[in-house]
Amino acid sequence: MNILMPQLGETVSEGTIITWLKSEGDTVLADEILLELETDKAATEVPAPIAGVLTRILVPAGQTVAVGTALAVIEPARAPVTAATAAGSPLAETPTTASWPPESAPADAPRGRWNREPKFDRAGQPLSPAVRRLVREHALDPTAIVGGGRNGRIRRRDVLAHVAGAAPAAKALAVLPTGAAGRLVPFSRLRKRIAEHMVRSKATSPHVLQAVEVDFSAVVSARAKYKAVFQDRHGVTLTFLPFVAHALCRALAEYPALNASIEGEALRLHDDVNLAVAVDLNFEGLVAPVLPRAHTLTLTALATGIHGITQRVRSGKFSADELKGGTYTLSNSGSFGTFLTAPIINQPQVAILSMDGIHKRATVVESDAGDSITIRPIGVLAQSFDHRAVDGAYSAAYLRTLKGMIEARDWEAALQA
């Protein structure tokens with residue numbers, strides 16, 4: 001029986017073999033994990049569909065193949081395969097209750113902790129057979145392991161990395177030793193794609209950075225008044241991001257050369273603001289799903305829309321089409337408390353805006369009665385733009401308009417629209 005490269009999404013066309021957990025000649029159980037593979041969207045484990053013997057591995061680790069490619073061959077078992085008879089099966093080495101705790105368990109470990117097989121991580125998600133085997137072999141507590149998979153799921157490589165960190169002599173397949181100076185960690189497929197895109201963008205566009213300080217007092221006041229009601233009504237936390245998105249869509253209407261892309265020696269001005277929003281994938285990568293026609297959306301629709309695409313991307317339940325067609329990108333590092341970020345343009349766009357941390361600061365307020373010093377919530381908005389498309393004065397005028405809209409808009413009325 002051929003084991004095929006699975007279809008892991010409607011738009012996924014290929015995948016890369018990360019590692020084989022079984023070798024040729026091994027007996028395997030049905031549903032036992034054979035290999036780990038990775039696409040540009042996620043990493044996953046491939047189980048054996050039947051019990052039998054893994055007679056041939058057709059695609060070695062490290063190769064990228066198309067969906068439907070034969071990866072290996074399993075010959076069905078002539079006799080029932082059980083945990084006790086599966087040579088090389090992780091369950092074949094499962095100790096009985098009488099033999100626990102294993103020799104590798106801490107001497108003072110509570111017996112109850114080691115006399116049963118761990119099946120769930122600290123988030124209550126099930127552990128795969130390969131992960132359970134490693135946890136048993138190294139007498140680990142799965143609740144102490146940080147998972148890097150979808151929704152924090154523990155993968156085999158996470159256990160190996162945990163072991164390597166706890167015991168430097170341990171060898172992790174996903175972490176290649178380079179000597180006493182440190183370790184060489186291979187790029188994931190997603191990391192490679194991001195690296196290629198960023199290098200290409202810097203080589204293509206002459207980047208210029210400009211930034212303005214913005215007083216978010218009006219936004220803070222509206223959020224304080226409506227945040228709880230908004231959460232109850234829409235099930236979404238009202239963050240600062242949709243306020244900035246709402247304002248920039250309107251500012252771009254006045255400065256269309258920033259909502260554009262370069263084609264040859266011409267600038268295509270886009271009719272719609274298809275807003276790309278940068279989303280972090282648990283530090284494993286970054287993608288920018290798109291909100292089509294964001295300029296037509298109310299503040300509430302922007303808030304729920306940004307929340308929706310963020311959740312879909314982080315759960316892996318999105319299509320490649322949602323990553324296409326962006327005309328301007330909004331990136332948010334502010335949740336980490338950053339002061340100023342110089343973002344890289346998302347090609348073929350000509351500009352990207354970074355929203356950084358909003359902090360209470362002493363600032364000078366001018367009025368007819370004279371100047372005064374007061375405490376205000378101040379944040380920095382920084383735009384990188386392609387100098388081929390526009391000049392500094394044009395970008396600066398846009399940022400001034402954006403700043404004015406955020407500071408002066410009636411946000412309470414916008415929330416009720």
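Below, the figures for the structure above:
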quantity: Test for residue 53: is it under 35 Å from the mean Cα position of the chain (by Cα) and modelled with pLDDT of 80 or more; calculated: no
quantity: Yes/no for residue 388 being outside the structural domain of residue 152 (by TED's automatic domain parsing), of a type in the set (Lys, Arg) and assigned to a strand (DSSP E or B); calculated: no
quantity: Residue ID - surrounded by the most Cβ atoms within 10 Å (Cβ to Cβ), chosen from residues in the range 268-284 that are under 12 Å from the mean Cα position of the chain (by Cα) and not hydrophobic (A, V, I, L, M, F, W, C); calculated: 280
quantity: Condition met for residue 246 (touching a helix residue (DSSP H, G or I) at 6+ places or on another chain (Cβ under 9 Å), crowded, with 17+ Cβ neighbours inside 10 Å and not small (Gly, Ala, Ser)); calculated: yes
quantity: Single match in 338, 298, 304 (criterion: among the β-branched types (Val, Ile, Thr) and free of Cβ contacts under 8 Å to residues at least 60 places away in the same chain); calculated: 338
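One line per residue, one yes/no per condition, for (1) among the β-branched types (Val, Ile, Thr); (2) assigned to a helix (DSSP H, G or I); (3) free of Cβ contacts under 8 Å to residues at least 60 places away in the same chain:
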residue: 310; (1), (2), (3): yes, yes, yes
residue: 317; (1), (2), (3): no, no, yes
residue: 360; (1), (2), (3): no, no, yes
residue: 368; (1), (2), (3): no, no, yes
residue: 374; (1), (2), (3): yes, no, yes
residue: 384; (1), (2), (3): no, no, no
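The values are calculated or read from the model by the stated rules, or taken from the named source; none is laboratory data. Bear in mind the structure is a predicted one, so any value in this text is a computation, not a measurement. Neighbour counts run over all protein chains shown; Cβ positions are idealised from the backbone, glycine included.
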